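Below is one structure, written out as structure tokens; comments come after it.
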Amino acid sequence: MSFPYPSNMPILLAPMAGYTDIVFRALCVSFGCDLTYTEMVSAKGLSFGNAKTADYLTLGDNETSVAVQLFGHEPDLLADVAKKVCDKLGERLCCIDLNMGCPAQKIVSNGDGSALMRTPALAGAIVEAVKKASAVPVTVKFRKGWDGDTCVSFAKVLEEHGADAITLHPRTRVQQYEGTADRSAIAAVKAAVSIPVIGNGDITSGQSAKEMLERTHCDGLMVGRGALGRPWIFREIKASLRGEPYAPPTVEERLRIALEHAERIEVQKGAHGLVELRKHLPRYLVGMRNAASLRVRLNEAKSVSEIRQLLLDSAKDATI
Ligand SMILES: Cc1cc2nc3c(=O)[nH]c(=O)nc-3n(C[C@H](O)[C@H](O)[C@H](O)COP(=O)(O)O)c2cc1C
């Protein structure tokens with residue numbers, strides 16, 4: 001078994017459809033994130049040669065290590081696509097991650113994502129097939145269960161069929177994102193298998209990262225929503241795990257990081273970046289004085305360069 005991650009106690013950016021694009025991944029890496037994941041990619045879409053789907057596999061020029069997350073439910077098709085992904089990305093591919101946790105109706109209605117938690121034998125067959133075809137480690141991300149707690153037995157099936165590591169987001173499919181992530185489920189899975197277990201769910205600060213580790217003894221931490229509008233969280237978590245003090249960015253620094261995000265999007269996507277930016281920017285403003293009026297002005301801006309100017313002016317104002 002090979003440890004699929006680039007460091008001993010990796011801090012990972014979770015795959016998030018609509019958010020973890022080239023730009024956001026690079027920004028998180030610049031703040032110390034050890035490994036990022038693509039948004040989930042349809043194996044079927046890739047097998048049909050769908051250009052938009054294939055675009056999810058485009059990496060940034062400086063992106064040296066990434067996990068590609070695939071979803072699907074057909075072992076042979078997933079295996080075939082995994083091989084093609086390995087051939088295409090070569091050494092820049094860290095691992096293939098299989099999505100067995102997505103709760104969205106349009107995904108589970110096809111038997112994909114968390115629907116696979118109801119068909120563990122099929123999930124095992126998928127892991128086995130993809131393992132045989134893949135030149136890199138194969139990992140799986142899943143949930144606590146469909147509507148109850150089945151994650152320990154499911155994790156054992158994945159391990160038996162050759163998964164190199166697993167990530168658990170301990171909410172059921174029925175819960176979606178409601179309630180709190182059940183860390184005792186991660187602790188139970190960690191105690192039951194010998195492959196690495198990555199803990200995910202509700203890590204929003206250095207302190208909560210530490211608590212996750214202490215409570216579950218997991219082998220790495222994955223941060224999702226806690227990184228949106230706060231890519232510096234990776235630096236904060238690493239300081240906290242080292243027992244070092246961490247000074248969060250000031251309002252001016254936060255606005256400058258948002259500005260950097262806007263500039264990176266402009267370089268990557270040009271005028272098309274406006275839609276992307278509108279998703280990310282409000283998250284940088286949470287808790288800031290005058291956030292509401294700045295949010296409105298950012299939303300009304302007609303171009304990425306107008307947004308850049310607004311952020312620059314606001315950052316200057318914040319220093320006064
Ligand atoms: C907008 C959004 C998109 C997501 N997309 C994916 C995805 O493509 N693949 C996946 O495995 N999980 C996806 N997730 C789930 C996250 O990876 C993560 O498991 C979940 O948000 C819990 O972690 P958190 O509390 O740190 O956010 C998504 C979550 C959000 C909020």
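Nothing in this text is a laboratory measurement; each read-out follows from the coordinates by a stated rule. All values reported here derive from a predicted model rather than from experimental measurement. So basically every Cβ, Gly included, is an ideal-geometry build from the backbone, and we count neighbours across all protein chains shown.
Annotations for the structure displayed:
- Shown in residue order for segment 197-210 are the 3J(HN,Hα) couplings computed by the Karplus curve 6.51 cos²θ - 1.76 cosθ + 1.60 at θ = phi - 60°: 10, 9, x, 9, x, 6, 8, 10, 6, x, 4, 5, 5, 4 Hz (x for Gly and Pro).
- Segment 43-116 shape via C-alpha gyration tensor axes, a/c threshold 1.5: prolate
- Only Lys, Arg (+1) and Asp, Glu (-1) charged, at Cβ; the chain dipole about Cα centre in debye: 520
- Under Karplus coefficients 6.51, -1.76 and 1.60, residue-wise ³J(HN,Hα) of segment 87-94 in Hz, glycine/proline x: 4, 6, 9, x, 5, 7, 8, 7
- From its DSSP helices (H runs of at least four residues, each -39,500 (n - 2.57)), the chain gives a residue-normalised ellipticity at 222 nm of -14000 deg cm²/dmol.
- Prolate/oblate/rounded label for segment 11-242 (Cα gyration tensor, a/c 1.5): oblate
- Degrees, to the nearest 10: 273-284 long Cα axis against longest axis of the chain: 80
- Subtracting the Cα-Cα distance of ARG297 and LYS88 from 0.36 nm times their residue separation leaves 71.1 nm of extension gain.
- The chain: angle of helix 291-300 to the longest principal axis, Cα-based, in degrees nearest 10: 80
- Residues with amide H under 5 Å from that of THR167, placed H, sequence gap 5 or more: VAL140, LYS141, PHE142, ILE198
- Within the shell of other residues whose beta carbon sits under 13 angstrom from the beta carbon of GLY148, the net charge comes to +2, with Lys and Arg scored +1 and Asp and Glu -1.
- Contact order relative to length of segment 11-242, as percent, for alpha carbon pairs under 8 angstrom and 6 or more apart: 17
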